[in-house]
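Down below is the structure, laid out as structure tokens.
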Amino acid sequence: MNEITIACIFDLDGVLVDTAVYHYQAWKKLANSLGFDFTHAQNEQLKGVNRMRSLDKILAWGGITKSDAEKDELAALKNTWYVDMISKMSPSEVLPGSLELLQQLKDKGIRIALGSASKNSGLILEKTDLTHFFDAIVDGNAVTSSKPDPEVFVKGAELLHTSEENCIVFEDASAGVEAAIAAGMAVVGVGEAENLPGADLIVKDLAGVTVQQLIDLTEQRNARK
Ligand code: B16
Ligand code: MG
């Protein structure tokens, strides 16, 4: 039997847990308080994008200009609402198939990292009881450049002591797929194909994803190089 060398890097919001919906509710509340709204299609553009860049996009959609100090206040307000919501999360909010896949990887000794833009990842992992699965955590507190910059995934590979061609990234955001491709890694897109151009494989959720499928994907991809 071949030695398994793959390593997996998981995005958090929208891949392992459905916090994307809480981000949406909190940003929508902020936009509404400023007198405008934004669409679901616009919300797609916020996924995987860090807090301040998300705020800049939203203010631009509303045609609103704010000073840096005001923007800091608005971002903090949104985060207060968001943290209130995620503080009430429980393990029941782990998305379908996530637990099973993480457990399969763990059982086979495959290393696992988190690669998230969120500065709240610690609280989310704790509330949903997922922390113990991770060999490394790279989140918004650990990076200087946000997705689509590859930094978050490159750091993940470094902490797992592996190289990019062994890594498979799981992402629900186009900015995240772009970041993984820029890092030279295979990508499993979680969601709708139209939102995830460039992913090597698209799944609705992690239910049914097998370790063998991931090994095959990595081998086929590396053989094409
Ligand atoms: P926070 P991910 C990202 O997490 C979210 O997709 C994105 O919508 C959010 O703005 C970003 O985290 C920052 O989150 O405000 O909690 O620091 O998808 O990269 O796990
Ligand atoms: Mg995400």
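In the chain, helices alone account for a calculated mean residue ellipticity at 222 nm of -13500 deg cm²/dmol, with every DSSP H run of four or more residues adding -39,500 (n - 2.57). Protein heavy-atom accessible surface, 1.4 Å probe, per residue over the chain: 46 Å². Taking label points 7 Å from Cα along the Cα-to-Cβ direction, K28 and D129 give a separation of 2.9 nm.
Legend: residues T210, T144, sorted from most to least accessible area (1.4 Å probe; ligands, DNA and RNA excluded), read T144, T210. Between the amide H of V17 and those of L95, distances stay under 5 Å, these residues lying 5 or more places away or on another chain, with hydrogens modeled in the peptide plane. Treating r as the C-beta distance of A60 and S87 and R0 as 22 Å, the FRET efficiency rounds to 0.15. For segment 30-65, the residues whose backbone nitrogen is under 15 Å from a point 7 Å from the Cα of K119, taken along Cα to Cβ, are 49-56. Quick one: Debye curve from the C-alpha atoms of segment 52-111, no solvent, what's log10 I(q)/I(0) at q = 0.16, 0.24, 0.29 Å⁻¹? Log10 I(q)/I(0), no solvent term: -0.71, -0.94, -1.13. Using the alpha-carbon positions of segment 20-86, Rg (one decimal) and Dmax (whole number) come out as 10.8, 29 Å. Calculated from the alpha-carbon coordinates, segment 1-151 shows an Rg and a Dmax of 16.9, 61 Å respectively. For segment 144-160, the Karplus equation 6.51 cos²θ - 1.76 cosθ + 1.60, evaluated at θ = phi - 60°, returns couplings of 9, 10, 8, 3, x, 5, x, 3, 4, 7, 4, 5, x, 4, 4, 5, 8 Hz by residue, with Gly and Pro reported as x. Within the assembled protein chains, the solvent-accessible surface assigned to S33 is about 80 Å², based on a 1.4 Å probe.
The portion of the accessible surface of segment 71-225 made up by carbon and sulfur, rounded to a whole percent, is 50 (1.4 Å probe; DNA, RNA and ligands excluded). Across every direction, the projection of the convex hull enclosing the Cα atoms of segment 148-210 has a mean area of 4.0 nm². If you sort W81, W61, W27 by accessible surface, 1.4 Å probe, largest first, the order is W61, W81, W27. With 22 Å as the limit on Cα-Cα distance, the pairs of K28/K155; K106/K127; K47/K71 that go past it are K28/K155.
Across segment 33-43, computed HN-Hα scalar couplings (Karplus, 6.51 cos²θ - 1.76 cosθ + 1.60, θ = phi - 60°) run 5, 9, x, 9, 9, 9, 8, 4, 5, 5, 4 Hz from first to last residue, x flagging Gly and Pro. Segment D149..D107, full-extension length gain: 12.0 nm, with 0.36 nm per residue of separation and the alpha-carbon distance subtracted. Hydrodynamic estimate: the Kirkwood radius of segment 92-156 over Cα pairs, inserted into Stokes-Einstein at 20 °C and 1.002 mPa s, corresponds to D of 171 µm²/s.
If you wrap segment 112-225 in the convex hull of its Cα atoms and look at it from every side, the mean projected area works out to 7.0 nm².
The values are calculated or read from the model by the stated rules, or taken from the named source; none is laboratory data. Keep in mind it's a predicted model, so treat the numbers as computed, not measured. Cβ: placed from backbone, ideal geometry, glycine included. Neighbour counts: every protein chain shown. To get the accessible areas, we keep the full protein, side chains included, count just its heavy atoms, and leave off ligands, DNA and RNA. Shrake-Rupley method; radii C 1.70, N 1.55, O 1.52, S 1.80 Å.
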